[in-house]
């Protein structure tokens, strides 16, 4: 075995060992992950449950789950491959059913999630989360900051220098934008730093 082959072999063995020592944050079935949602069958039939692997704030590899629209499955897989390769820290990824479908409870726990059949805060319009076309990552690190100075979730602070926080030059943000997702950190009327969404062309 030459030097290059040996390096590749050792890398593969190291990766396999890491994956066998995964800390499991979520291990739901698809049925469990959408239990209790009021979304229509047309919507739930368009969803898939993804296992995603990431380094968490303990420095260890974790496996969580996201419920997303099947049309963006490849996008999310590509983004999380980059998240893992960049060692961008993700606290946890647990389908929001575990928070009784409460966006507030999920955000306060710094949970990353996607599908949640709900309206946009303060409106009667359905959020893109209702279709699995939006993803929130580390919401406590990357809070919503309103024009009047209010911050959500309560007690959160946006510190661009803190690990797990998004900035405009972050490779994860750039990857989402490359895949035609919007980043809430670039919204005009308020900043939603944890939020990414994709509006599908008709």
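Between the alpha-carbon centers of segment 146-202 and segment 95-123, tell me the distance in whole angstrom.
Taking the Cα centre of segment 95-123 as reference, the centre of segment 146-202 is 16 Å away.
Can you give the angle from 0 to 90° between the axis of helix 3-20 and the longest principal axis of the chain, with both taken from C-alpha atoms, to the nearest 10?
Helix 3-20 and the main axis of the chain meet at about 50 degrees.
Which entry is the computed Cα extents along the principal axes in Å for this structure: (i) 63, 40, 34; (ii) 52, 52, 31; (iii) 41, 38, 35?
Entry (i).
Would you compute, from DSSP H runs of 4+ residues alone, the mean residue ellipticity of the chain at 222 nm, taking -39500 (n - 2.57) per run and dividing by the full residue count, rounded to the nearest 500?
Calculated mean residue ellipticity at 222 nm is -7500 deg cm²/dmol.
Throughout, read-outs are computed from the coordinates displayed, never taken from laboratory work. All of these numbers come straight from a predicted model, not from anything done at the bench.
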